[in-house]
Amino acid sequence: MTLTESQQLAYANAQAADGRVNVELETDDGMVLNMGPQHPATHGTLRLIAHLDGEQVTSADVMCGYMHRGYEKLCEVRTYPQVTTLVNRIDWLGSFANEVPFILAAEQLMEVEAPPRAKWIRTILFELSRIANISLFIGDLALQLGAQTPAFLAFRDREFVLNQIESVTGGRFHPNFDRIGGLKDDLPKGWVADTKAAMVRLREFCDLMEGLVYGNEIFQTRTRGIGIIPAKVAESYGLSGANLRGSGVDWDLRRDANIGLAYDDLDWKVWTHPDGDCFARCWVRLQEVREATKIVDQLCDGLPSGPIMAKVPRIIKVPEGEAYIATENPLGAMGYYVVSRGDIGPFRVKIRSASFNNISIAPWLLRGVYVPDIIAILASLYFILGDIDR
Amino acid sequence: MPRPALKIPGLFTGLKITMGIFLKTMFPARGIKTLLPAPTLGAVTVQYPHKSPPEVPAARARGVIALKEENCTVCMLCSRSCPDWCIYIEGHKTKAPPRRPGGKERTVSALDRFDIDYALCMYCGICVEVCPFDALFWSPEFEYSEPRLADLLHDMDRLGEWMETVPDFETYEAGSDAKVRKVPR
Amino acid sequence: MASVLALDWGNYWQQSIFRVLGSAVFIILGAGTFVIAFLFKMMSYMQSRLGPMEAGPHGTLQLVAEVGKFLQKEDLVPARADERLFKLAPYIVLASTFLLAVVMPFGPDAYFVNLDTGVFLALALSSISVIGILVAGWASANKYSLIGGLRAAGQLIAYELPMVLAVVGVVIQAGTLNLQGIVAAQHSGEIFGWDGIGNPFILTQLVGFVVFLIATQAELAQTPFDMPIAESEIVTGYMTEYSGMRFLLFFIAEFATAAVFAALAATLFLGGWAVPFVDLDDNVMNVVGPLVLVTKMMLVGTLIFWARFTFPRFREDQLQSFAWKALIPISLVNILATMVLKVAL
């Protein structure tokens, strides 16, 4: 069919634009599959450029940055309460967990310590955000691999946790509850009993997922032996969280680092799995949720009484200095390096986000796997784009 | 390391679970009415807005901010501390009669304009927290979406109307030594 | 009362038009029922939610609303796509479904055609959809579609074999390829000498039934065999570039094929339109027969969609090795056992 002049011109322009924007060079090492920023499988706007030979990947490149919001620059021109609000939105599924290392770093600079009741409630909310985050992961994992039902069940059972977070902080997703010196407010009446009931439901959810997803033979053939990360490689790439523990490395900042949360007074276990494949990572996360429900139960039982806030001035000016605190967030190890010049806001905040390092292993890991395995591996590595790009 | 047994039952367990959920959603009633299908009861979703959800939002839920105009002294703390700069305040100073006869005249500030732009608001609550004079309160109301973006700018009168929906502060859990504040009505 | 479907009236053209319209009605109704009952309601209830509720009572008219929605969408053809092939592909897939529906018997005199090679024709016709999918995958000028199309080709061809072999066991027991004959054999047959309820082949050919269901699941590209579509990897595989009415054609074809295969499974294994204690030639079966067949169709459909909503998907090579290394040997053993038992007993 013949094209008009303008149609030919438009077509040529489109081709040129394609060539400029995409890095797709059709070379000899196979077809280039651009799993672009908009894709049902990547948890957000991640771009994966895979060179395929048939269905096998010869090489893969990860291009992140499509969701960069300039957090570190924003933090330079905000006060500490405002930064606390903003960092909720880095890892938006377990939002309270983002505030904790920042507040702890600021408290370290101010040399103020939160009272024990505040520490314990902080830990409860930290673990609740872990449960909320990882229960969605389990549902999403099944969805990536093709089963649609577990995703809805995960959303359904996660509501219990979100309701508990809302009744304390006022926000389901963005609590904005941590303050330098303690917490914003105390627990409302009946919250402890409701939370323990919610934990019972969450344990039933874990059993449900184990029966529906983890025990399923198809799921196991899709995840066992896929994407094996040896322990040394995991450590050298800076992986953290369940990705590291799924390769058999016994490393958990809640136990190993001396941070200002209540873990030392509790009886809990760090779960590892020696295989290092996708199934190991996913399994470790399931056990983490179960362990988190037990931790919350212990915390609720032994909650100390007392004030919720230490004595801090109304307008907080953090003295000069630098502090780095990293905590075991649901996604991995998240750290904040806070530099203060004695002002009402930080001078510079560097955010070490877990997913950024977790995704760095993807090019190494994705060599030689099949296209469906890309999805299984990315799902098991579990990153959140807000965490990668900030 | 615990490994689930790799036999056929894994597949059937999954089938049993989904059929169980299906039957529970379809026939939620117990007792005499067990065999009557009643999916609207059995599902966890609600046909909003035809029906309202069974659980109202928590009392502390951050739905909308209400303004108690009489308490505001136009100190501008809320406007300054908003991360989005979505609060617009204008005020002027007037003279008020002295407290005791024969005393000095007092200078008081009066509000001309207090607007909150809910199109920008992040619902962080910093403004409510920093207000030293108990003029801002959270209300769990959330049904105020508008067809026009400009209507999301709530002015002083509208913010005052939200005061009726502000619930009383809740009592605290055992072991807390915080005091329950009062909402000025 | 003479059955309307008994085609000894009218000339060739009247009969043909009637057949076309009749099978169109069966296709649309079958697809519609399956979509509403299984996709909208069964899937939703399995996920603790209600599904579409607004259009019609409890969302039963949702499909009508969807048809209206798709009809008014923009007609998009990608710039680099092969336009003629792109537009042709949905019709090839739909054609195979239509042709399949024509051979289905609904009652003793209620059928569109009564061929002596009914089963053979049905299985052969189901392979035509592979061509349509390949054409769709290639003509879309999209790498995702290409991958989906190639996966579909491999999968659908691989799973043709277990399906055919599973049916061979039925044919051996029934002694005929004619679908009416198979229904008659089930109605009047005996299970090892006992003829209380006839011989529904699901009892004596259970292995064949299971293999047939698994192969059907793969032929329909349903989870756990939905690699060609694989929504989380290749967006919608060969259907990625299709929108509007063309997508609706694929969608209807998918569910209509499910309905027709469920009807085929019901005819081959569950006894078709016949009911055990009613005579085969009874005229009332011309009215009751279709209803019986629809009920059995829904039963088989429940099994198919129950598996679809529960399981994750296989990877392509696992899928292929499952077909070649597990299903085909099992069905061959089934045929052997059937032959031996048929001759010996």
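The values are calculated or read from the model by the stated rules, or taken from the named source; none is laboratory data. Remember, it's a predicted structure, so these values are computed and weren't measured experimentally. Neighbour counts run over all protein chains shown; Cβ positions are idealised from the backbone, glycine included.
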Pairs returned, first residue in the stretch B:117-146 that is touching a residue at least 24 places away in the same chain (Cβ under 8 Å) and in the same structural domain as B:Glu70 (by TED's automatic domain parsing), second residue that is crowded, with 17+ Cβ neighbours inside 10 Å and among the polar types (S, T, N, Q), beta-carbon separation under 6 angstrom, 6 or more apart or interchain, are B:Cys124/A:Thr85; B:Cys124/A:Asn176; B:Ile126/B:Ser81; B:Val130/B:Ser81
Test for A:Cys300: is it in a helix (DSSP H, G or I), hydrophobic (A, V, I, L, M, F, W, C), in contact with a Ser or Thr (Cβ under 7 Å, 6 or more places away or on another chain) and surrounded by fewer than 23 Cβ atoms within 10 Å (Cβ to Cβ): yes
Restricting the stretch B:15-32 to residues that are of a type outside the set (Val, Ile, Thr) and surrounded by fewer than 11 Cβ atoms within 10 Å (Cβ to Cβ), the one nearest to the chain's Cα centre (by Cα) turns out to be B:Arg30
Filter the stretch A:343-390 for residues that are within 20 Å of the chain's Cα centre (by Cα) and within 14 Å of another protein chain (Cβ to nearest Cβ); the one that is nearest to A:Ser59 (Cα to Cα) is A:Ile374
Restricting the stretch C:28-60 to residues that are of a type in the set (S, T, N, Q) and within 9 Å of another protein chain (Cβ to nearest Cβ), the one farthest from C:Phe311 (Cα to Cα) turns out to be C:Ser48
Among (1) crowded, with 16+ Cβ neighbours inside 10 Å; (2) over 27 Å from B:Asp168 (Cβ atoms), B:Gly125 falls short only on (2)
Scanning the stretch C:203-223 residue by residue, the ones that are among the polar types (S, T, N, Q), away from chain A (no Cβ under 14 Å) and crowded, with 24+ Cβ neighbours inside 10 Å total 2
Checking B:Pro132, B:Pro54, B:Pro101 in turn, the sole residue that is loosely packed, with under 13 Cβ neighbours inside 10 Å and within 18 Å of B:Lys182 (Cα to Cα) turns out to be B:Pro132
Given (1) modelled with pLDDT under 90; (2) touching a helix residue (DSSP H, G or I) at 6+ places or on another chain (Cβ under 8 Å); (3) more than 9 Å from chain C (Cβ to nearest Cβ), A:Leu145 misses just (3)
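Just to be sure before I move on: is C:Ala65 within 14 Å of chain A (Cβ to nearest Cβ), surrounded by 13 or more Cβ atoms within 10 Å (Cβ to Cβ) and out of contact with any Phe, Trp or Tyr (no Cβ under 7 Å at 6 or more places or on another chain) in the structure I sent?
Taking the combined requirement at face value, the residue does not satisfy it.
For the stretch A:1-93, give me every one of the helices (runs of 4 or more DSSP H) that falls completely inside it and has 3 or more residues that are within 30 Å of the chain's Cα centre (by Cα) and either at pLDDT below 80 or of a type outside the set (A, V, I, L, M, F, W, C) (or both). First the steps, then the outcome.
Working: elements: A:5-21, A:71-76, A:80-87.
Here the list reads A:71-76, A:80-87.
Residue by residue, here is whether (1) within 17 Å of C:Thr257 (Cβ to Cβ); (2) at pLDDT 80 or above holds:
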position: C:Gly198; (1), (2): no, no
position: C:Gly208; (1), (2): no, yes
position: C:Ile214; (1), (2): yes, yes
position: C:Glu231; (1), (2): no, no
position: C:Ile234; (1), (2): no, no
All conditions in (1) part of a loop (DSSP other than H, G, I, E, B); (2) more than 10 Å from chain A (Cβ to nearest Cβ); (3) modelled with pLDDT under 90 are true of B:Val180 except (2)
Checked A:Gly248, A:Gly260, A:Gly238 against criteria (more than 30 Å from A:Val349 (Cβ to Cβ) and within 23 Å of the chain's Cα centre (by Cα)); the one match is A:Gly248
On the given criteria, is A:Tyr370 over 23 Å from A:Tyr66 (Cβ atoms) and modelled with pLDDT of 90 or more? no
Here the residues within the stretch A:68-95 that are within 17 Å of A:Lys184 (Cβ to Cβ) and at the interface with chain B (Cβ under 9 Å from one of its Cβ atoms) are A:Thr79, A:Pro81, A:Gln82, A:Val83, A:Thr84, A:Thr85, A:Leu86, A:Asn88
Restricted to the stretch B:109-136 and to residues being within 12 Å of chain A (Cβ to nearest Cβ) and touching a strand residue (DSSP E or B) at 6+ places or on another chain (Cβ under 8 Å), the residue farthest from B:Thr73 (Cα to Cα) is B:Cys121
For the stretch A:157-175, the count of residues that are in contact with a Lys or Arg (Cβ under 8 Å, 6 or more places away or on another chain) and at the interface with another protein chain (Cβ under 9 Å from one of its Cβ atoms) equals 8
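Residue by residue, here is whether (1) surrounded by fewer than 21 Cβ atoms within 10 Å (Cβ to Cβ); (2) within 10 Å of another protein chain (Cβ to nearest Cβ); (3) part of a helix (DSSP H, G or I); (4) modelled with pLDDT of 90 or more holds:
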site: C:Asp281; (1), (2), (3), (4): yes, no, no, no
site: C:Val287; (1), (2), (3), (4): yes, no, yes, no
site: C:Thr295; (1), (2), (3), (4): yes, no, yes, yes
site: C:Met298; (1), (2), (3), (4): yes, no, yes, yes
site: C:Thr302; (1), (2), (3), (4): yes, yes, yes, yes
site: C:Pro312; (1), (2), (3), (4): no, yes, no, no
site: C:Asp317; (1), (2), (3), (4): yes, yes, yes, no
site: C:Ile328; (1), (2), (3), (4): yes, no, yes, yes
Among residues of the stretch A:183-204 being aliphatic (A, V, I, L, M) and at the interface with chain B (Cβ under 9 Å from one of its Cβ atoms), the residue nearest to B:Lys16 (Cα to Cα) is A:Val192
Review point. Hey, does the stretch B:58-69 have a residue that's within 30 Å of C:Pro52 (Cβ to Cβ) and within 14 Å of another protein chain (Cβ to nearest Cβ)?
Key: yes
Would you call C:Ala256 touching a residue at least 24 places away in the same chain (Cβ under 8 Å), of a type in the set (A, V, I, L, M, F, W, C) and not in a helix (DSSP H, G or I)?
no
Please indicate, with yes or no, whether at least one residue in the stretch C:101-108 is under 30 Å from A:Met35 (Cα atoms), part of a loop (DSSP other than H, G, I, E, B) and at pLDDT below 85. no
Among the residues of the stretch A:205-226, is there at least one that is in contact (Cβ under 8 Å) with a residue 12 or more places away in the chain, more than 12 Å from every other protein chain (Cβ to nearest Cβ), surrounded by fewer than 24 Cβ atoms within 10 Å (Cβ to Cβ) and β-branched (Val, Ile, Thr)? no
Verdict on B:Trp138 being closer than 30 Å to A:Asp194 by Cβ, of a type in the set (Phe, Trp, Tyr) and assigned to a helix (DSSP H, G or I): no
Scanning the stretch A:136-178 residue by residue, the ones that are of a type in the set (Val, Ile, Thr), in contact with a Ser or Thr (Cβ under 8 Å, 6 or more places away or on another chain) and either without any contact (Cβ under 8 Å) to a residue 12 or more places away in the chain or over 30 Å from C:Phe225 (Cα atoms) (or both) total 2
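For B:Glu69, indicate whether it is over 24 Å from A:Asp157 (Cβ atoms), touching a residue at least 60 places away in the same chain (Cβ under 8 Å) and of a type in the set (Asp, Glu).
When the stated conditions are applied, B:Glu69 passes them.
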